[in-house]
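Undergrad: Just passing along the structure, written as C-alpha cells.
The values are calculated or read from the model by the stated rules, or taken from the named source; none is laboratory data. Since the model is a prediction, treat every value here as computed from it, not as a measurement. Positions of Cβ are generated from backbone atoms using ideal geometry, with glycine treated the same way; all protein chains shown enter the neighbour counts. Note: areas computed on protein heavy atoms with side chains; ligands, DNA, RNA excluded. Shrake-Rupley method; radii C 1.70, N 1.55, O 1.52, S 1.80 Å.
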Amino acid sequence: MMKITVCDDSLMSRKSVIRALPEHWSDEVTQCKHGLEAMEACRSGQADVLFLDLTMPIMDGLEVLERLQKEQLTSAVIVISADFQPEVQSKVLSLGALAFISKPVSREKLTDTLIQVGLL
C-alpha cells in the first residue's frame, strides 16, 4: 500500500489534495501543517509520495526538498503551490521534485501528473 503525506499549512488545501487523490490512494494519508512535520513523516516511512506546498511556517517546501536530498530520503515529491513562477518551478525540479502543480488542484490535473511521473 502506498503511504501518502500531504503537507500544507492550510487545512482547506490539504483536504482539496486528499479529495483529488486516486480513490485507492486515500486509505492511508498523513497530514502535515509545515515542513518539519513533513520531514518527520518522510523519516518515519509515512511518505512514499509527498504532496508539498512551498509557502509554510516553520520550514517551507524548498527547505524540505533540500533536507530530503541532504538526508538521501527517497519520498517521491510533487509540489502543489500557488507560486508558479518559472524560476520557482525550475528550482523545485532541480531539488528533486518530480512535478509541480499549480493550485487549485483538481483530480484530473493530479491524475495526469501522477501518470506523467510514473506513479499511476
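Undergrad: Taking the Cα centre of the chain as origin, sum charge times position over the Cβ atoms of Lys and Arg (+1) and Asp and Glu (-1), and report the length of that vector in debye to the nearest 20.
TA: Charge dipole of the chain: 120 debye, to the nearest 20.
Undergrad: Most mobile of Pro22, Pro104, Pro86 per a Gaussian network model of the chain (Cα springs, under 10 Å)?
TA: Judging by the Gaussian network model, the answer is Pro86.
Undergrad: Enumerate the calculated ³J(HN,Hα) couplings along the stretch 67-79 in order (Karplus 6.51 cos²θ - 1.76 cosθ + 1.60, θ = phi - 60°), each rounded to whole Hz, writing x wherever the residue is Gly or Pro.
TA: 5, 4, 5, 4, 8, 6, 8, 9, 4, 7, 10, 10, 8
Undergrad: If you roll a 1.4 angstrom probe over the protein chains with everything in place, what fraction of the accessible area of the stretch 1-76 belongs to carbon and sulfur, to the nearest %?
TA: On the way: 1880 of 3910 Å².
Answer for the stretch 1-76: carbon and sulfur cover 48 percent of the accessible area.
Undergrad: Kindly give Rg over Rh for the chain, based on alpha-carbon atoms, with the Kirkwood expression for the hydrodynamic radius. Don't jump to the answer; show the numbers that get you there.
TA: Details: Rg = 12.6 Å, Rh = 13.8 Å.
Using Cα coordinates only, the ratio equals 0.91.
Undergrad: Can you work out the accessible area per residue across the chain, with the rest of the protein chains kept in place, probe 1.4 Å, in square angstrom? Show your work: numbers first, answer last.
TA: Details: 6260 Å² over 120 residues.
Normalised by residue count, the accessible surface of the chain is 52 Å².
Undergrad: Go through Lys3/Lys103; Lys3/Lys109; Lys15/Lys70 and tell me which ones have a Cα-Cα distance over 25 Å in this structure.
TA: Numbers: Lys3/Lys103 22 Å; Lys3/Lys109 20 Å; Lys15/Lys70 29 Å.
Correct reply: Lys15/Lys70.
Undergrad: Still on this structure, please answer the following. Who wins for biggest fluctuation among Ala38, Ala47, Ala76 in a Gaussian network model of the chain, springs between alpha carbons below 10 Å?
TA: Comparing Ala38, Ala47, Ala76 in a Gaussian network model of the chain, the most mobile one is Ala76.
Undergrad: Would you kindly find the accessible area of Leu36, with a 1.4 Å probe and non-protein molecules such as ligands, DNA and RNA excluded, rounding to the nearest 10 Å²?
TA: The accessible area of Leu36 comes to roughly 70 Å².
Undergrad: For the chain, what is the relative contact order in percent, using Cα pairs closer than 8 Å and at least 6 residues apart in sequence? Can you show the working numbers first?
TA: On the way: 213 pairs, mean separation 29.8, N = 120.
Worked out over the chain, it gives 25 percent.
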